[in-house]
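Here's the structure, in structure tokens; my notes come after.
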Amino acid sequence: MASLTSLISSPPSSTNNIFPKTSQLSAPIGRLQTLRKSQLAVTCKSSNGRSDPFDEVLAAAAAASRRDVLLGLGAGLYGAGAFVTDPFSAAFARPIDGPSQDVCKLATPSPGNPLQIECCPPAMAGRESKPFQFPSPSEPKRIRRPAHLASQDKEYVEKYKLAMKRMKCLPPEDPRSFFQQAKVHCAYCNGSYVQSSHTNLGLQIHFSWLFLPFHRMYLHFYERILGSLIQDPTFALPFWNWDHEDGMAIAEMFKDPESPLFDGLRNVYHLPSNKPLDLRWDRVTEDKPFERIRDDNYARVYELMVSGAQRRLEFFGPKYRAGDPPPAGGGGTSERLHNMAHLWTGGHNQQFGEDMGNFYSAGRDPIFYVHHCNVDRLWNVWKTIGGFRFDFDDYDYLNTSFLFYDENSDLIKIKVKDVLDPQALGLEYEDRPIPWRNSRPVPTAANAARTATAAAFGGPITSPSAFPLVLEKVTTVMVPRPKKGRTAKEKSAASEILVVEGIELEGDKVVQFEVVINDDPDNPSGPSNSEFAGSFLNIPHVHGNNGHNKFVTGLRMDITELLEDIGAENDDQIQVTLVPKKSDGPVTIGGLKIEYSS
């Protein structure tokens, strides 16, 4: 592999001008286009008049350097993999066979908004894709490290910056360019793609069992492109270790305005090194003590990885097959765990939360990929906890496929079954402590002593007949339980799930609320108390179903362990309180019920 010194001191003539001068960078935080220039942080120049400011800056930047970029790509070294399928299952199969190669629509951050965004990749129509091949076992492993520790490795940071600069200076039509790679998320997540076999139906990779495997694929190709641009097959992305107190803040390598790792469209209040990611951020409070954020974060990760994720359906999200309308909102606990980092990182003064705070623009921030590396890592961790925590073996899940361009600009068809084993992809994660594993919430004093009954926690009780209702204030309702006093065997066979159903909202609006059980509605508990059942948060996006952006979804919370902890296992009913948080649009709740998940 080429050393960093040789790459920097003797680059091809094409790369002599990719390092920016300070005077060329935009310092103030202000208009979107100005911030885009600081985001780019390279000397690529010119303009092409595209309607989307990101496209305008990045496309023009890359166009100016299209003759002057290091391409230096060798042939990929791949091995072969096999997977045995059941012929009977295949006969009735409905796996999603990737996006249509003939249909890709313009995207928009909001229905009716004049801003039209070209999220489609270089033309795929009529282009034959190649089947995915596993990296050769002889290839060196790529080891992903925590970003806050990798930031202390100057050699690594310079390699990462160099790879990103070269990716940003590739011609805009090159599918490996940052310009194109950033649009992948927009195309798959914001209504541009349709299903190949059902072109009347949008394709959405969020809110279902496809969330985790799709993003693993995305990271795989993105990472290999970066490594190829610096001729380093061992190059690996870092991961934002926000589930450990040492790594909760944005890592230092992403804060330098002169670096290609910087994005000017981040919340400036969250950039200081003493600002940990707040997984319960209410979009208002910025002065919480570090210890409170840390403890609540650990409790939230415990809820979404342990107590609330005992079954794979709850962790991955609902099943999604060819011919199904695109799933809407909610998602599994793995996705709900990841949502707040998007909102918290995105620009607080941007109309649509750009970059990280909106699906259409999230891929434009380099930290998006680092955030998703940690989500991917936690998928691995979840499977080590035990119990019923394992991947789906459903034929449709395993054989759902997507299309990506690789480091050789080849169009690759890759299936979910190809990415279930990270080691087969040549990928490993550096081991890290898991402090949240011991962060089981504790009940409030009333429930710890069991001095109150479900009907005596205060606050007015809303009649079930009042639903559906617009959630404008704290709302409490009594929810009957189909069965009380369940045995250990019954709990092992099926988890008890509290379902908030008929959640209706506009997809391009931030909507959030929390749910507590057998708690004081006037002083509802937070994640560190057992009464906290979960929360709902919608990240703005355009729903991929023929442009209709109002949708109905639900929220599922495994309360089996919660009921044990608050001493409510023998209760006929539970008191459920919905606590609205700062939202940008109305949300209607259809009702609440309890069901069982095996």
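The values are calculated or read from the model by the stated rules, or taken from the named source; none is laboratory data. Since the structure is predicted, the reported quantities are computational estimates derived from the model, not experimental observations. Positions of Cβ are generated from backbone atoms using ideal geometry, with glycine treated the same way; all protein chains shown enter the neighbour counts. We work out accessible area using only protein heavy atoms, side chains counted, and drop any ligands, DNA or RNA first. Shrake-Rupley method; radii C 1.70, N 1.55, O 1.52, S 1.80 Å.
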Open item on the list: Which pairs turn up if I take residues in the stretch 478-490 that are on the phi > 0 side of the Ramachandran plot and look for partners that are not hydroxyl-bearing (Ser, Thr, Tyr) with beta carbon separation below 7 Å, at least 6 apart in sequence or on another chain?
Closed with: GLY485/GLU569; GLY485/ASN570
Open item on the list: If I filter the stretch 246-254 for residues that are among the acidic types (Asp, Glu) and under 25 Å from ARG142 (Cβ atoms), do I get at least one hit?
Closed with: yes
Task: All positions within the stretch 347-364 that are under 13 Å from the mean Cα position of the chain (by Cα) and either assigned to a helix (DSSP H, G or I) or closer than 16 Å to ALA249 by Cβ (or both) - done: MET356, ALA362, GLY363
Task: Residue within the stretch 568-583 that is under 23 Å from LEU337 (Cβ atoms), among the aliphatic types (A, V, I, L, M), over 25 Å from the mean Cα position of the chain (by Cα) and modelled with pLDDT of 95 or more present - done: yes
TODO: Enumerate the pairs (first residue in the stretch 343-362 and touching a residue at least 40 places away in the same chain (Cβ under 8 Å) and hydrophobic (A, V, I, L, M, F, W, C); second residue anywhere and open to solvent by 20 Å² or more (accessible area, probe 1.4 Å) and part of a strand (DSSP E or B)) with beta-carbon separation below 8 Å, excluding pairs fewer than 6 apart on the same chain, so at least 6 apart or on different chains.
DONE: LEU343/LEU537
Task: Every residue from the stretch 119-141 that is of a type outside the set (A, V, I, L, M, F, W, C) and surrounded by 17 or more Cβ atoms within 10 Å (Cβ to Cβ) - done: PRO121, SER129, PRO135
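Results for (1) under 30 Å from PRO289 (Cβ atoms); (2) open to solvent by 10 Å² or more (accessible area, probe 1.4 Å), shown as yes or no for each residue.
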residue: ILE143; (1), (2): no, yes
residue: ALA147; (1), (2): yes, no
residue: LYS183; (1), (2): no, yes
residue: SER197; (1), (2): no, yes
residue: LEU201; (1), (2): no, yes
residue: TRP209; (1), (2): no, no
residue: PHE214; (1), (2): no, no
residue: PRO233; (1), (2): no, yes
residue: PHE239; (1), (2): yes, no
Open item on the list: Of all residues being out of contact with any Phe, Trp or Tyr (no Cβ under 6 Å at 6 or more places or on another chain), within 17 Å of VAL500 (Cβ to Cβ) and charged (D, E, K, R) in the stretch 281-339, which is surrounded by the most Cβ atoms within 10 Å (Cβ to Cβ)? Just the residue, please.
Closed with: GLU303
Task: Criterion: modelled with pLDDT of 95 or more, in contact with a Pro (Cβ under 7 Å, 6 or more places away or on another chain) and under 30 Å from TYR222 (Cβ atoms) - qualifying residue of VAL470, VAL416 - done: VAL416
TODO: Pull up the stretch 365-386, narrow it to residues that are outside any helix (DSSP H, G or I) and open to solvent by 10 Å² or more (accessible area, probe 1.4 Å), then point me to the one that is nearest to PRO114 (Cα to Cα).
DONE: ILE385
TODO: Please identify the pairs in which a residue from the stretch 201-225 that is basic (Lys, Arg) has its Cβ atom under 7 Å from the Cβ atom of a residue that is modelled with pLDDT of 95 or more, counting only partners at least 6 apart or on another chain.
DONE: ARG216/ASP376; ARG216/VAL419; ARG224/ASP406; ARG224/GLU407
Task: Which listed residue, of ALA341, ALA328, ALA309, is among the small types (Gly, Ala, Ser) and not in a loop (DSSP other than H, G, I, E, B) - done: ALA341
Task: Criterion (open to solvent by less than 30 Å² (accessible area, probe 1.4 Å) and farther than 29 Å from THR400 by Cβ) met by exactly one of HIS270, HIS348 - done: HIS270
